[in-house]
Amino acid sequence: MKRVLIVGAGKGGTALLKLLNKTDRMKVVAVTDVDPHAQGLELAKSYQIPTCDSWEEWIHKDIDIVIEATGNEEVFDSIRSKRQRSTVIIPGSVAYITSELLEEKESLVKKLKQQTENQQLILNSIHDGMIVINVDGKVSFINRSAERIVDVKRQDVVGKPVKKIIPDSRLPKVLSSKKKELNQKLELDNGKKVITTRIPMVGADNKVIGAYAVFQDITEVVHLAEEVTDLKEVKTMLEAIIQSSDEAISVVDENGNGLMINPAYTRITGLAEKDIVGKPATVDISEGESMHMKVLRTRRPVRSVRMKVGPSNKDVLVNVAPVIVDGILKGSVGVLHDVSEIQSLTSELKRARQIIRSLEAKYTFDDIIGESSEMTLALEQAKVGARTPATVL
């Protein structure tokens, strides 16, 4: 191990001290500077390296290399004249250039480290899992999503063969084939199923330097697909019910704009979908207040409100109820009844009752023929009962 004496603890001497302190081939035995507050002296003390204000105290203590970092030619000449023959002197100009190169190196290392940290931050933030292996098939990187999906810890897998982590992994195969494998299904040991894409990493010289896999837990995807399918089925079913209903139905959103009407609504009001859907709830009203808008304001249902709708001023009775999902108002549903149809049915019912009454009043006791004692007794009892309002059977 070479014994080194640094003369000058300024910028250059400090940079060299940092460098030499990291190597095992050289040992800095002392740092000298006439300025007791020089930054290199403080750094040397932190490294437990002796310091002083005169290099002459150390020049004859078996020093192999003297680094003259002051840049002063007189100091350099003095050291050269008093050094041992075997001692090598490195002048200040060389020390300065070296310090500049070291600073540039540290700056580049710092920049590279920052870029690496930023890249890892991005990769750890994505929802998909990612595993990277080197040319030896060992894991060199795994992001947080991959840790969660595979149920492993980074410190337990980095540096280990990927086959020990995921026995069915085809990343080693991708390394040898240099071919991508896109959207492949894979079942992990923990029972999770994933969709994975494996891609080789090829350098500029067409040499494989590693491979990586990006994968997603398809349990979530399948669950979402099932939910979407269920929602579509429910929507289709509800639309079929609404469209086949004989009741006139209209639906508006939370802003009062038309969403849907059924054929019965068109039959009663004379308004088609193009006249209602996407239009304000007031567009179909000829006379009266919009019950849709009232329900949206109050969040309470209304029943049997009479109003006129459509170009023909159709007289209708309206029932409207709000649609509230998880406490949030989503719109309202209205059902219309044609008053003229109700009146027509009422008239028919009255006529039927009149016919029944006329049929009931058409026959008398004299129309009943019978001479037996039993029949005569029954007729007498019926005549007595007929004088009262009680029902006679």
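Miscellaneous remarks
- Hydrodynamic analysis of region 198-263 uses the Kirkwood radius over alpha carbon pairs. Inserted into Stokes-Einstein at 37 °C and 0.692 mPa s, it gives a translational diffusion coefficient of 195 µm²/s.
- Proxy reagent accessibility, fewest Cβ within 10 Å first, across 355, 131: 355, 131
- Inverse mean reciprocal Cα-Cα distance (Kirkwood Rh) of the chain, Å: 32.4
- Förster radius 45 Å - calculated FRET efficiency between residue 108 and residue 220 (Cβ-Cβ, nearest 0.05): 0.60
- Per-residue Cβ neighbour counts within 10 Å put 147, 56 in the sequence 56, 147, beginning with the fewest.
- Simple label model, 7 Å out from Cα along Cβ direction - residue 234 to residue 84, nm: 9.0
- Taking every alpha-carbon pair within region 127-220, the share separated by more than 21 Å comes to 24 percent.
- The count of lysine pairs in region 37-164 whose Cα atoms are under 20 Å apart, excluding pairs fewer than 8 places apart on the same chain, comes to 9.
- For region 1-104, a Kirkwood hydrodynamic radius built from all Cα pairs, placed in the Stokes-Einstein relation at 25 °C and 0.890 mPa s, yields a translational diffusion coefficient of 185 µm²/s.
- Scanning the chain for chymotrypsin sites (Phe, Trp or Tyr not before Pro) lying in DSSP loops with no more than 15 further Cβ atoms inside 10 Å, the longest uninterrupted stretch between such sites is 48-362.
- Restricting the trypsin sites (Lys or Arg not before Pro) of region 202-248 to loop positions (DSSP other than H, G, I, E, B) with no more than 15 neighbouring Cβ atoms within 10 Å leaves 207.
- Using only the C-alpha atoms, the convex hull of region 36-155 corresponds to 197 Å³ per residue.
- Tally of Lys pairs whose C-alpha atoms are under 23 Å apart, taken over region 245-388, 8 or more apart or cross-chain: 12
- Across region 2-102, C-alpha contacts under 8 Å between residues 6 or more apart give a mean separation that, scaled by the residue count, equals a relative contact order of 34 percent.
- Largest to smallest principal axis extent of the C-alpha atoms in region 251-393, angstrom: 80, 36, 22
- Once the convex hull of all Cα atoms in region 8-53 is built, its volume per residue stands at 57 Å³.
- Value of relative contact order over the chain, rounded to a whole percent, pairs C-alpha under 8 Å and six or more apart: 8
- Straight-distance crosslink candidates among aspartates and glutamates, where the alpha carbon sits under 12 Å from residue 192 and sequence neighbours closer than 8 are dropped: 151, 217, 220
- For region 1-75, trypsin sites (Lys or Arg not before Pro) meeting the loop criterion (DSSP other than H, G, I, E, B) and having at most 11 other Cβ atoms within 10 Å: 22, 25, 61.
- This ranking places 101, 336, 19 by how few other beta-carbon atoms lie within 10 Å of each, fewest first, which gives 101, 19, 336.
- Protection proxy ranking, peptides 120-128, 344-352, average beta carbon neighbours within 10 Å, highest first: 120-128, 344-352
- Full extension of the segment from residue 126 to residue 283, taken as 0.36 nm per residue of separation minus the current Cα-Cα distance, would add 51.7 nm.
- Loop-located trypsin sites (Lys or Arg not before Pro) across region 90-167 with a Cβ neighbour count of 13 or fewer within 10 Å are 153, with loop assigned by DSSP.
- Dimensions of region 53-112 from C-alpha coordinates, computed as largest minus smallest value along each principal axis and given longest first, are 44, 22, 22 Å.
- For the chain, the longest principal axis of the alpha carbon atoms and the long axis of helix 73-82 meet at an angle near 60°.
Any read-out appearing in this document is the output of simple, stated calculations on the displayed coordinates, not a laboratory observation. Source: prediction; values computed, not measured. As a convention, Cβ positions derive from the backbone with ideal geometry for all residues, glycine included, and neighbour counts pool all protein chains shown.
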